[in-house]
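K.L.:
Below: one structure in structure tokens.
The values are calculated or read from the model by the stated rules, or taken from the named source; none is laboratory data. Everything quoted here is computed from the prediction, not taken from an experiment. Cβ sites come from the backbone with ideal geometry, for glycine too, and all protein chains shown count toward neighbours. Note: areas computed on protein heavy atoms with side chains; ligands, DNA, RNA excluded. Shrake-Rupley method; radii C 1.70, N 1.55, O 1.52, S 1.80 Å.
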Amino acid sequence: MPDGKVLVVASLVDEASRNIASALLDLYGLEPTGRELEGQPIYTRGDVLLAFTRADTVSSGHVPAALASERLEAVIIASRHSSQAGKACLSTHTPGNLGPEAPLGGKPMQLAWSDPGRQKAALRALARARDELGLLDYAVCLEVTHHGPTEVKVPVLFVEIGSTPERWADREAARAVAEAIWEAATRPLRAVKNAVGFGGGHYAPKFTALMLEDVGLAVGHIVPKYAFKAYGPSRWLVEEPVRRTWGGCEAVVLDRKGLKGSDRRFVASVAEELGLEILVV
């Protein structure tokens, strides 16, 4: 088990989040600690805590701050995923705002800490649970870095059900996400090479496949193609995700077809200056 505690945060205003929390309580037997937060019991088993908030998940950074005395080493947020396309998915990602605006929580141009090994554990567990529970109409995927909270002092990981009310109410999908959260909380992967991904679209298919297939590589923050298009190539877009990788970043992974040639060369040049391994997929 980890040396510190892992806090799982669930939102009372998010149906998927509530269902995931219920599945965690049913599957893993967490017990009340006797303490409350926002009028709701805090639960625990071993080094895992479960706390509820009345805020939305993207604005839940105050929850770990309120429990800082617990010596937290990571925060995992159970959440819905929304998209206009209504994609049925089980997803995971690190939060962060890559640009000068923060419409969905956190601060502009601020990234949460990313733990690539914990994110890899969550993704692989989602894929396993999807298959075991027969949820074959759901895609399992990473998402790129986006939204808040960004101000938490330890790594933050979202694990989500997407992307419609029907999916958020799916108890089997909630069970799959609960299993992935428990795996990430209690068995993060540590014998891995930490990396940051650059390029591709929002659901990061190249990096998802790499994380599921490559045992030794773990991608945390992912900077998509649209961030370079919106904000232009900047050293901050390369250096900050590297800096905000918990335990240090060893490599960058470039999506060859998912990044314009000039942007790809720019990222590679900065990565070389930083002494990072450069991988192209």
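K.L.:
Identify the single condition in (1) surrounded by 21 or more Cβ atoms within 10 Å (Cβ to Cβ); (2) more than 15 Å from the chain's Cα centre (by Cα); (3) assigned to a loop (DSSP other than H, G, I, E, B) that residue 227 does not satisfy, given that it satisfies every other one.
P.N.:
The one condition residue 227 does not meet is (3).
K.L.:
Pairs needed: first member in the range 111-138, closer than 18 Å to residue 223 by Cα and without any contact (Cβ under 8 Å) to a residue 60 or more places away in the chain; second member anywhere, open to solvent by less than 50 Å² (accessible area, probe 1.4 Å) and among the small types (Gly, Ala, Ser); C-beta distance under 7 Å; at least 6 residues apart or different chains.
P.N.:
none
K.L.:
Every residue in the range 27-62 that is open to solvent by 50 Å² or more (accessible area, probe 1.4 Å), touching a residue at least 40 places away in the same chain (Cβ under 8 Å) and over 18 Å from the mean Cα position of the chain (by Cα), please.
P.N.:
Matches in the range 27-62: 27, 46, 54.
K.L.:
In the range 248-275, which residues are buried (at least 19 other Cβ atoms within 10 Å of the Cβ) and either assigned to a loop (DSSP other than H, G, I, E, B) or modelled with pLDDT under 95 (or both)?
P.N.:
249, 255, 258, 259
K.L.:
Same structure, new question: Evaluate the following for residue 11: is it buried (at least 22 other Cβ atoms within 10 Å of the Cβ), among the hydroxyl-bearing types (Ser, Thr, Tyr) and within 15 Å of residue 174 (Cβ to Cβ)?
P.N.:
Considered against the rule, which asks whether it is buried (at least 22 other Cβ atoms within 10 Å of the Cβ), among the hydroxyl-bearing types (Ser, Thr, Tyr) and within 15 Å of residue 174 (Cβ to Cβ), residue 11 comes out as yes.
K.L.:
Search the range 193-207 for residues being open to solvent by 10 Å² or more (accessible area, probe 1.4 Å) and out of contact with any Lys or Arg (no Cβ under 6 Å at 6 or more places or on another chain), and hand back the single one that is nearest to residue 245 (Cα to Cα).
P.N.:
Result: 194.
K.L.:
Considering only the range 64-73, I want to know if a residue exists there that is in a strand (DSSP E or B) and not charged (D, E, K, R).
P.N.:
Yes: the range 64-73 contains one or more residues that are in a strand (DSSP E or B) and not charged (D, E, K, R).
K.L.:
Given the conditions (1) under 16 Å from residue 120 (Cα atoms); (2) more than 16 Å from the chain's Cα centre (by Cα); (3) buried (at least 19 other Cβ atoms within 10 Å of the Cβ); (4) aliphatic (A, V, I, L, M), which single one is not true for residue 215?
P.N.:
If we test residue 215 against (1) under 16 Å from residue 120 (Cα atoms); (2) more than 16 Å from the chain's Cα centre (by Cα); (3) buried (at least 19 other Cβ atoms within 10 Å of the Cβ); (4) aliphatic (A, V, I, L, M), just (3) comes out false.
K.L.:
Considering the range 136-150 alone, what residues qualify as being part of a loop (DSSP other than H, G, I, E, B) and either open to solvent by 10 Å² or more (accessible area, probe 1.4 Å) or β-branched (Val, Ile, Thr) (or both)?
P.N.:
The answer is 136, 137, 144, 145, 146, 147, 150.
K.L.:
With the condition kept exactly as written, say whether any residue in the range 78-92 is assigned to a strand (DSSP E or B), basic (Lys, Arg) and crowded, with 18+ Cβ neighbours inside 10 Å.
P.N.:
Yes, the range 78-92 has at least one match.
K.L.:
Report, by residue number, each residue of the range 205-215 that is modelled with pLDDT of 95 or more and under 17 Å from residue 115 (Cα atoms).
P.N.:
207, 208, 210, 211, 212
K.L.:
Now for a separate question. What tally of residues in the range 81-115 results from selecting those that are touching a Ser or Thr at 6+ places or on another chain (Cβ under 9 Å), under 14 Å from residue 141 (Cα atoms) and not hydroxyl-bearing (Ser, Thr, Tyr)?
P.N.:
Adding up the residues that qualify gives 5.
K.L.:
Can you tell me which condition residue 245 does not meet? The list is (1) among the β-branched types (Val, Ile, Thr); (2) open to solvent by 30 Å² or more (accessible area, probe 1.4 Å); (3) at pLDDT 95 or above, and all the others hold.
P.N.:
(2)
K.L.:
May I pose another question? For residue 9, state whether it is within 17 Å of the chain's Cα centre (by Cα) and assigned to a strand (DSSP E or B).
P.N.:
Yes: the conditions hold for residue 9.
K.L.:
Out of (1) among the aliphatic types (A, V, I, L, M); (2) closer than 17 Å to residue 245 by Cα; (3) over 15 Å from the mean Cα position of the chain (by Cα); (4) crowded, with 22+ Cβ neighbours inside 10 Å, the odd one out for residue 129 is which?
P.N.:
In the conditions (1) among the aliphatic types (A, V, I, L, M); (2) closer than 17 Å to residue 245 by Cα; (3) over 15 Å from the mean Cα position of the chain (by Cα); (4) crowded, with 22+ Cβ neighbours inside 10 Å, residue 129 misses (2) alone.
K.L.:
Could I ask something else about it? Does any residue of the range 155-174 turn out to be closer than 23 Å to residue 244 by Cα, within 14 Å of the chain's Cα centre (by Cα), surrounded by fewer than 24 Cβ atoms within 10 Å (Cβ to Cβ) and touching a residue at least 60 places away in the same chain (Cβ under 8 Å)?
P.N.:
Within the range 155-174 (the criterion being closer than 23 Å to residue 244 by Cα, within 14 Å of the chain's Cα centre (by Cα), surrounded by fewer than 24 Cβ atoms within 10 Å (Cβ to Cβ) and touching a residue at least 60 places away in the same chain (Cβ under 8 Å)), the answer is no, since none of the residues qualifies.
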